[in-house]
Amino acid sequence: MSSNDESSVSRRAVVGGAALGVATAATGSAFAKTPGTPAGAAPAAGLKDPRSGPKPPFEKQSQPWPGLSSKMTPKPDNGEQSYRGSGRLLGRKALITGGDSGMGAAAAIAYAREGADVAINYLPAEEEDARAVVALIREAGRKAVAIPGDLRSEAFCQKLVETAVKELGGLDILVSNAARQQTRASILDVSSEDFDATMKTNIYAPFWIIKAALPHLKPGSAIIGTTSEQATDPSKDLYDYAMTKAATTNYVRSLAKQLAPRGIRVNGVAPGPIWTPLQVSGGATMEKLESFGSMTPLGRPGQPAELAGIYVLLAENGASYTTGHVYGAAGGGGMP
Ligand code: NAD
Ligand code: MG
């Protein structure tokens, strides 16, 4: 989410409803047997106009937290039809928190199509989204492990890592992506329970999970944290959430230095406004949702699929000299 809330309404009037070009869709048959490309998934080819994609104004919508991708209008693009793999993560073993929807789902689908086995964690209420992701991982010919549970418990975080390691036969990619974001107009509206839940989910859980995972990570392994442009440019109505993202960016940089001698890389991804369940289940006000993404230079929110390539890059051997960095994807605004 960008903090430029005030500019969103006027900007919306300018860009709202403008019909820009549609993404180039390649015709499939030549690619039909490409490894990592499931049947029926059109490979990404040709030019994609970065202005293309769903734009504000969006329909009013609200779901109880944590929200389901399948119930959003329009449905987010997690790369189901577009992501095409080329063996960049062959034989790798990944655990992704929040892997049922949003950026976590996009990373899970891309990792599987790049040849990795993938374990995903999510809340029991998100079983429907999780099942869809698990089906796509299996369709890509890889092992999928579904581990529902609440990350606010240290005991569960330890169990999660233990189960992932056992089921995958090891672990070499950890994507700490799950987060809680609830908009509150005033600090006076943030209860201690609220504050605690945000800190437990966004700060304690990565701490517990990384500690549990570390003994299993061999040299060449990668840890990726999902941070946010909120780390450096916080919105006024995301007091507690934004500070957890500053903490995320900070631990990425600290741990990168600490773990370099062990051959483990640590990097972050800093999204701008992305069309995911987090935003429609209390993460944004209705007003912000309707004009979501309009304040960015591209005039639209990003789709989770548009970040999949960054998660792949940060995990693969090709980025072996990259550690302690934060990659942004914010439609032209924000700072990583
Ligand atoms: P999302 O709702 O799809 O993903 C968040 C996930 O967090 C949920 O699917 C849920 O499984 C998980 N989660 C939350 N609380 C949990 C708990 N207590 N136990 C277990 N799992 C829990 O939304 P998203 O936008 O894809 O979020 C993914 C990451 O992206 C988050 O770290 C978020 O802060 C970050 N981010 C999102 C945006 C955006 O605009 N959507 C912008 C910047 C950063
Ligand atoms: Mg979800």
Starting from the range 151-221, pick out the trypsin sites (Lys or Arg not before Pro) whose DSSP state is loop and whose Cβ has at most 11 other Cβ atoms within 10 Å.
none
Return the FRET efficiency for the residue pair residue 62, residue 166: r is the Cβ-Cβ distance, R0 is 51 Å, and the value is rounded to the nearest 0.05.
0.85
Using all Cα-Cα distances in the chain, what percent lands in each 10 angstrom bin from 0 up to the longest?
6, 27, 37, 23, 6, 0
What is the magnitude of the charge dipole of the chain about its Cα centre, with +1 placed on the Cβ of each Lys and Arg, -1 on the Cβ of each Asp and Glu, and no other charges, expressed in debye to the nearest 20?
980
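Would you mind telling me the share, in percent, of accessible area of the range 87-329 contributed by carbon and sulfur at probe 1.4 angstrom?
So the carbon and sulfur contribution to the accessible surface is 55 percent.
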Apply the Karplus curve 6.51 cos²θ - 1.76 cosθ + 1.60, θ = phi - 60°, to the phi angles in the range 89-106 and return the couplings in whole Hz, x for Gly and Pro.
10, 4, x, 7, 10, 10, 10, 10, 7, x, x, 7, 7, x, 4, x, 5, 4
Checking the a/c ratio against 1.5 first, then a/b against b/c, what shape does the Cα gyration tensor give for the range 46-178?
oblate
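Given a Förster radius of 22 Å and the C-beta distance between residue 127 and residue 86 as r, what FRET efficiency does 1/(1 + (r/R0)^6) yield to the nearest 0.05? Intermediate results must be reported in sequence, preceding the final value.
Details: r = 31 Å, r/R0 = 1.42.
Calculated value: 0.10.
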Give me the Kirkwood hydrodynamic radius of the range 171-270 in Å, from all C-alpha pairs, to one decimal place?
14.1
Calculated [θ] (222 nm, deg cm²/dmol) that DSSP helices of n ≥ 4 give over the chain, each run adding -39,500 (n - 2.57)
-9500 deg cm²/dmol
Per residue, how much accessible area does the chain have with a 1.4 Å probe, in Å²?
42
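The values are calculated or read from the model by the stated rules, or taken from the named source; none is laboratory data. Being a predicted model, the structure only gives us computed values, none of them experimental. So basically every Cβ, Gly included, is an ideal-geometry build from the backbone, and we count neighbours across all protein chains shown. The area values use the complete protein model at the heavy-atom level, side chains included, leaving out ligands, DNA and RNA. Shrake-Rupley method; radii C 1.70, N 1.55, O 1.52, S 1.80 Å.
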